[in-house]
Amino acid sequence: MSTIELKGITKLFGALAAVRDVDLTVAAGETVCLLGPSGCGKTTTLRIVAGLEQATAGDVYVAGKRMNDLAPAARDIAMVFQFYALYPSLTVAENIAFPLHYERLSAAERERRVAAAAETLELSGILDRLPGQVSEGEKQRVAVARAIVRDPNCFLFDEPLSRLDVELRQTMRGQIKQVLTGLSKACVIVTHDQLEALTMADRIAIMRDGLIEQIASPHAIFSKPGNVFVASFIGTPQMNLVEATLAGVEGVDATLAFGEHRLKIAVDRAVTALPKGSKVTFGIRPRAFTLAGAASERTISGAVEIIEPMGAETLIHIRVGELDLRVVVPREIRVRPGHVVHLAADPSQLNMFDASGKAVRS
Amino acid sequence: MADTTATPAHSAPRRVRISRGVGEAGWGRTLAATIISLIYFFPVLWIILTAFKSYGDALAVPPKFIFTPTLDNFVSVFSRAYSAGGSAVDTNFDLFFFNSIFIAGTSVFLALVIGTLAAFGFSRYPLKGNETYLFIILSTRMLPAIVVIIPIIVMFRVTGLAGTYIGIILLYTAFNLPFTVWMMKSFFDELSPDVEDAARLDGSSDIRVFFKICLPQVLAGIAATAVFGLILTWNEYLFALLLSGVETRTVPVAMAQTIGGDIGVRWGLLAAIETLFLIPVILVTFFLQNHLLRGVTFGTIKR
């Protein structure tokens, strides 16, 4: 079975902990994205799986086998590098065939496998070119073809699409996903692009400072972020996060006080159980607001400051006391800078975090 | 260039300076470059001309640029009479040319083999205190050769290597090594480590990574290093003078010994030897020049 299992992986570079006590399991056929800002330890984690870095502590299991002390060559792992790492002096065909060297295949069989991989990634026309003579998108596809030409234990991708332009990135996202679906291998993709993670992953692991902050499905990561960091990291435009005090609770409703403002809103049962006066952070995504006709205790009022049309939708910055709230409205809604608007939030999309930043949810 | 020609319609037309493409330097600069090149080339040109002059023409004042060319000097290189009226004797210059080619070629080749492997080691598997070792390797090249000549002569006498091919080849190999290691290390340092990691993940041993992946990427560097090493060794005089024997004498030493004789310095003969001596260097440089340029400018044109 093609699986990856990391148990308590820690990597120290001198005094710096690049990866701290990471546990991660990837099932056969599953794609997990490691997502986080640069320097969060995601690439180091990937390189530890590959054997290109040695973990300071912890165990790496690939396909059920402990791999800690095996050299990269002995792990039978296919990896696609950020800069593709094609062999500059070998042709595209030789690049794709390179991993087959140790499989002792007949020349005919090797050729068949190369042709099949090239076919899948639409490279048949450029097999005799050198890497320097093909486009960026083609290089990327050669790197993927080189990975799928053999039958490895698992696949690793390090920022596979970061060098492509936007259009190509979309195409390749679909293509890689399609290729991976057919292979039922464990796969780890490292990326800093949340859209890439949301579209390609079965599960996303959000990393920060060497720690995995949350592992969940793209849907759950987006709708139920586990803490303030994940909430702020995922989603564009960013979620509005407001520090407030729990001023009172009435039935399912809570009153949140921030600055001179108060907002009454239906909350989760776990929130109503918090002691009155608790410091909390509430988070509402820009698309979870609607503009209400009139002010009420269930709306937040503020003046429109900046308007950014985004095509189908419009992003409005609204000044509420010290806060800058980001609200996305359909483009039909016209507002002008200086207008005072009243924002109603969808209670089902409300996220509450306690003073330590952890989500409060029943 | 579109932006330089797009002047707003309402502004007065102004002269637009059209910049030339790369590779078109214009006549003035080409002429200046030609003159400077000629100044550089003049001594070589002078030697080549002199090689075709008769004894009298070579000594003429003012110097002659128009003269009747003769091949006598070239014949004399290999066989000539040592005193006026004497019969022509074989000068052994064919042996000396063979020695120069054999000794320079072998020692540069050996230095490349050893140096490239060592450079790869220094680049990829650094020792504790790697920089110190590199510094020590280079330290023998920090002194003028004359400073180390006495200990080296003693070492050669004691080991019996003086006057042998092995001795002089080993010496030149050792002299080429520091330069080769430093040059090749800088080429290996420039390579992307990702490519080697990829090859390892694809199942390659370190040996295969070196030969299949790294070596082909530094061929230009090897060519450049070889040319510099060859020129250095080819022209070396001091050690060859003191450490080669009659059988292993190289051209620079033999050439120096040609000066003198009972009819004064035969400039035409000397020039003929020098002209012949230039040919191998010119050939090697010519055939490797594409690699040479890429090698020398390696780090500056990447990505």
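Observations
- When only the Cβ of Lys, Arg, Asp and Glu is charged (+1, +1, -1, -1), the dipole of segment A:248-331 relative to its Cα centre reaches about 200 debye.
- Per-pair calculated FRET efficiency, R0 = 41 Å: B:Val246 and B:Ser54 via Cβ, rounded to 0.05: 0.85
- A:Lys65/A:Ala27 FRET efficiency (R0 22 Å; Cβ-Cβ; nearest 0.05): 0.90
- Computed from phi, the 3J(HN,Hα) profile of segment A:78-86 under the Karplus parametrisation 6.51, -1.76, 1.60 (θ = phi - 60°) reads 9, 10, 10, 8, 4, 9, 6, 6, 6 Hz, with x in place of Gly and Pro.
- Rg of the Cα atoms in chain A, relative to 2.2 N^0.38 Å, amounts to 1.19.
- Overall Cα dimensions of segment B:40-155, principal axis frame, Å, largest first: 67, 35, 27
- Anisotropy class of segment A:167-264 from Cα gyration tensor, a/c 1.5 cut: prolate
- For segment B:127-285: rounded, prolate or oblate by the Cα gyration tensor [a/c cutoff 1.5]: prolate
- Note on B:Val61 and B:Asp189: the extension gain reaches 40.5 nm, defined as 0.36 nm multiplied by sequence separation minus the Cα-Cα distance.
- Other residues lying with their Cβ under 11 Å from the Cβ of B:Ala199 contribute a combined charge of -1, Lys and Arg counting +1, Asp and Glu -1.
- Measuring r between the beta carbons of B:Asn235 and A:Asp128 and using R0 = 51 Å, the FRET efficiency lands at 0.70.
- Based on alpha carbons, the Rg and Dmax found for segment A:240-353 are 14.2, 44 Å.
- For chain A: relative contact order, % (alpha-carbon pairs under 8 angstrom, 6 or more apart): 16 percent
- Ellipsoid equivalent to the protein assembly as shown - semi-axes via the Cα gyration tensor, in Å: 73, 33, 23
- In order along segment B:127-138, the Karplus-derived 3J(HN,Hα) couplings, from 6.51 cos²θ - 1.76 cosθ + 1.60 at θ = phi - 60°, round to 6, 5, x, 3, 4, 4, 4, 4, 5, 5, 4, 7 Hz, and Gly and Pro are given as x.
- For chain B, adding -39500 (n - 2.57) for each run of n ≥ 4 DSSP H residues and dividing by the number of residues yields -21000 deg cm²/dmol at 222 nm.
- Distance cut-off 21 Å, percentage of C-alpha pairs in segment B:25-90 lying past it: 47 percent
- Sequence-ordered 3J(HN,Hα) estimates for segment A:209-225 from the Karplus curve with 6.51, -1.76 and 1.60 and θ = phi - 60° stand at 6, x, 10, 7, 7, 7, 10, 6, 5, x, 5, 5, 4, 6, 8, 10, x Hz, glycine and proline given as x.
- Rounded to the nearest 20 debye, the dipole magnitude of chain A is 320 debye, with +1 charges on Lys and Arg beta carbons, -1 on Asp and Glu beta carbons, and the Cα centre as origin.
- Stokes-Einstein translational diffusion, chain B - Kirkwood Rh over all Cα pairs, 0.692 mPa s, 37 °C, in µm²/s: 139 µm²/s
- As a proxy for reagent exposure, B:Ile169, B:Ile259 were ordered by neighbouring Cβ count within 10 angstrom, fewest first; the result is B:Ile259, B:Ile169.
- For chain B, modelled as a GNM whose springs connect Cα atoms under 10 angstrom apart, the maximal fluctuation among B:Ala223, B:Ala118, B:Ala32 occurs at B:Ala32.
- Separation between Cα centres of segment B:212-244 and segment A:1-42, rounded to whole Å: 48 Å
- Order of A:Met172, B:Met142, A:Met239 - criterion: other Cβ atoms within 10 Å of each residue's Cβ, fewest first: B:Met142, A:Met172, A:Met239
- With 21 Å as the limit, the listed pairs A:Lys7/A:Lys65; A:Lys42/B:Lys185; A:Lys42/B:Lys128; A:Lys11/A:Lys358 have A:Lys42/B:Lys185; A:Lys42/B:Lys128; A:Lys11/A:Lys358 beyond it between alpha carbons.
- What you get for segment B:93-300, charging only the Cβ of Lys and Arg (+1) and of Asp and Glu (-1), is a dipole of about 200 debye around the Cα centre.
- Placing a label point 7 Å from the Cα of B:Phe287 along the Cα-to-Cβ line, the residues of segment B:217-256 whose backbone N sits under 20 Å from it are B:218-235.
- Comparing B:Leu134, B:Val158, B:Phe122 along the charge dipole axis of segment B:93-300, the residue lying farthest to the positive side is B:Val158, per the Cβ-charge model.
Since every read-out is calculated from the coordinates, none of them should be taken as a lab result. This structure is a prediction, so every number in the text was calculated from the model and none was measured. Cβ coordinates were reconstructed from backbone atoms using ideal geometry, including for glycine residues, and neighbour counts include every protein chain displayed.
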